[in-house]
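Read the structure below first, then the notes.
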Amino acid sequence: MVIISGGDEYSPFTSKFYSKEALAEYLGDSVNENEPVLEYLFEKYNRATPRDVRRYDIIFYGVTGYTGKLVLEYLRDVYAKKPTEFTFALGGRTESKVAAAQDAILKGTPFADAPIVTAQLDKPYTVKQLVNSCRTVVNLAGPFMTTGGEVLAEACVIYECDYCDVNGELPYTYNLTRLHDRARHNRVRLVPNSAFAGGFADIAAFAAVRKLKEKHNKPARSCTGYIEQSISELAGPSGGTLATRAAMANAPDSVKQIMADPFGLGGRVSGNRPEDSDKTLSTVAKDEVGWLAPFNYAFLDTRVVRRANVMHQLMGGGLYGPVFNHQEYILCPTEEIAQEIKKRAGSTKKEEEDLKAKGRYFAQGQGPSMEEMKGSWIRYTTVARTEDKEQVKLVFNFDVEAYYATAQITTEVAICLAMARDQLPYAGKGGVLSPSVACGQMLVDRLLANGMSVSVE
């Protein structure tokens, strides 16, 4: 039996939209809670503008934060230098702050005068106006567990606007899966984890399994991701990443229970198997590729890929494999390095102490600059294997740090959703989908055209 979360009543936007506070703010003295007022609100505010007449293809919301500014840099570096295929606006809570970020990064480019829109996630009517004016929203405003991004996501479902975000937070992604059935009904695509965290493991597994089936015409039994990266001594985790880790470390027991489930996002294809256990992600081991150490984001990435395996089938494609397993590790040159990484893994307090000692403890909204990240690179190896041990190995390379790769991935997901909806896999279908399910090979091709490389070994 396969399981995908979703279907329960979960209405973070609607509950605010019809709240007494919202009624009072927008109707003033005429507010009361009788039926005519609710009917009036529904008629006046609850209509979706047809997608083909919306003003913008994409709105990038939250561009004043660290990742948001990297998205602006990516737009400047890649799309300001060639004819732009899409229209976009920059969004945030405060117009002056958005304008300052735009001026600092996009001045002197064709995007220097890109429109600015504002919305506050605690003011539902501003959210409605934002999503009703575009085809796709990119949510860059984290940490997502604390900023109320679910309000924006549900509004996208109601007003038929596709959505993607850069969250690397399993509890937040789980909450979005509760919108799956309604998104499917409205044919809206919600694509959380459109980032290096969560998203790239999904993209790599999709590409490797596809190549495995082309070569051997057999389903995948397993897929393993191996990450290597060179990070400048001046770089380090952004303030948003640190805030996210702290929020998850301090989450209530009910949330930690979801986080501890290897199939917390759905996608279970078999019973309880030792190979699916998180214990395999927490140890030092060696396989035919090399020495393996725990990778913090494996506890999100593996869940995203396991869900994607089943979602491909439910959308009308096929499973990666009926007993598919996914794991992910840091690839190390020696056992000693692997043991040292394991010692540091998972200790947010130790990480905070080390960063403060180096003077690299960033506040929320801050992080290493592009100059400080110079020389960083990522190599991500994915090995897909059949039951008979036949395999395909893909090696992906980014000449950038993971934060800039996140800006690249989320921008390209947004362009796929906004500009090529009818050419994407499973056309006409929606739901809470991973990047590979939502965008398929088109996303891989766009990444390859804009800085990523891949080789088959």
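Mind checking which residues of the stretch 96-113 are of a type in the set (D, E, K, R) and within 25 Å of the chain's Cα centre (by Cα)?
Passing the criteria: only Lys97.
Looking at the stretch 418-426, is at least one residue modelled with pLDDT of 95 or more, aliphatic (A, V, I, L, M) and in contact with a helix residue (DSSP H, G or I) (Cβ under 9 Å, 6 or more places away or on another chain)?
Scanning the stretch 418-426 turns up at least one residue that is modelled with pLDDT of 95 or more, aliphatic (A, V, I, L, M) and in contact with a helix residue (DSSP H, G or I) (Cβ under 9 Å, 6 or more places away or on another chain).
Taking the condition crowded, with 21+ Cβ neighbours inside 10 Å and at pLDDT below 85, does Val310 pass?
No.
Does the stretch 93-100 contain any residue that is assigned to a loop (DSSP other than H, G, I, E, B), at pLDDT 95 or above and out of contact with any Asp or Glu (no Cβ under 7 Å at 6 or more places or on another chain)?
Yes: the stretch 93-100 contains one or more residues that are assigned to a loop (DSSP other than H, G, I, E, B), at pLDDT 95 or above and out of contact with any Asp or Glu (no Cβ under 7 Å at 6 or more places or on another chain).
Scan the stretch 48-69 and tell me whether some residue there is among the polar types (S, T, N, Q), closer than 22 Å to Thr118 by Cα, modelled with pLDDT of 70 or more and part of a helix (DSSP H, G or I).
Checking the stretch 48-69: at least one residue is among the polar types (S, T, N, Q), closer than 22 Å to Thr118 by Cα, modelled with pLDDT of 70 or more and part of a helix (DSSP H, G or I).
Val138 passes all but one of (1) more than 19 Å from the chain's Cα centre (by Cα); (2) modelled with pLDDT of 95 or more; which number fails?
Going through (1) more than 19 Å from the chain's Cα centre (by Cα); (2) modelled with pLDDT of 95 or more one by one, Val138 breaks only (1).
How do the helices (runs of 4 or more DSSP H) wholly within the stretch 166-228 filter down when requiring 2 or more residues that are in the same structural domain as Cys156 (by TED's automatic domain parsing): which remain?
170-177, 180-186
Return yes when Lys342 is surrounded by 14 or more Cβ atoms within 10 Å (Cβ to Cβ), at pLDDT below 95 and not small (Gly, Ala, Ser) and no when it is not. Full working, then the answer.
Values: surrounded by 14 or more Cβ atoms within 10 Å (Cβ to Cβ): yes; at pLDDT below 95: yes; not small (Gly, Ala, Ser): yes.
Against the criterion (surrounded by 14 or more Cβ atoms within 10 Å (Cβ to Cβ), at pLDDT below 95 and not small (Gly, Ala, Ser)), Lys342 qualifies.
Could you list all residues from the stretch 89-129 that are in contact (Cβ under 8 Å) with a residue 40 or more places away in the chain, out of contact with any helix residue (DSSP H, G or I) (no Cβ under 8 Å at 6 or more places or on another chain) and of a type in the set (A, V, I, L, M)?
Selection gives Ala89 alone.
Cβ-Cβ distance below 8 Å, separation of 6 or more or different chains: which pairs start in the stretch 380-405 with a residue that is in contact (Cβ under 8 Å) with a residue 40 or more places away in the chain and end on one that is of a type in the set (Asp, Glu) and not in a helix (DSSP H, G or I)?
Close Cβ pairs (under 8 Å, with a partner that is of a type in the set (Asp, Glu) and not in a helix (DSSP H, G or I)) amount to Tyr380/Glu228; Thr381/Glu228; Lys393/Glu457; Leu394/Glu457; Val395/Glu457.
Looking at (1) of a type outside the set (S, T, N, Q); (2) at pLDDT 95 or above; (3) more than 26 Å from the chain's Cα centre (by Cα), find the lone condition where Tyr329 falls short.
Unmet condition: (3).
Examine the stretch 347-356 for a residue that is of a type in the set (Val, Ile, Thr) and either closer than 30 Å to Lys213 by Cβ or at pLDDT 95 or above (or both), and state whether such a residue exists.
No, the stretch 347-356 has no match at all.
If I filter the stretch 133-140 for residues that are among the hydroxyl-bearing types (Ser, Thr, Tyr), more than 29 Å from Tyr226 (Cβ to Cβ) and either in the same structural domain as Glu328 (by TED's automatic domain parsing) or touching a Lys or Arg at 6+ places or on another chain (Cβ under 7 Å) (or both), do I get at least one hit?
yes
The values are calculated or read from the model by the stated rules, or taken from the named source; none is laboratory data. Computed from a predicted model, the values in this text were never measured in an experiment. Positions of Cβ are generated from backbone atoms using ideal geometry, with glycine treated the same way; all protein chains shown enter the neighbour counts.
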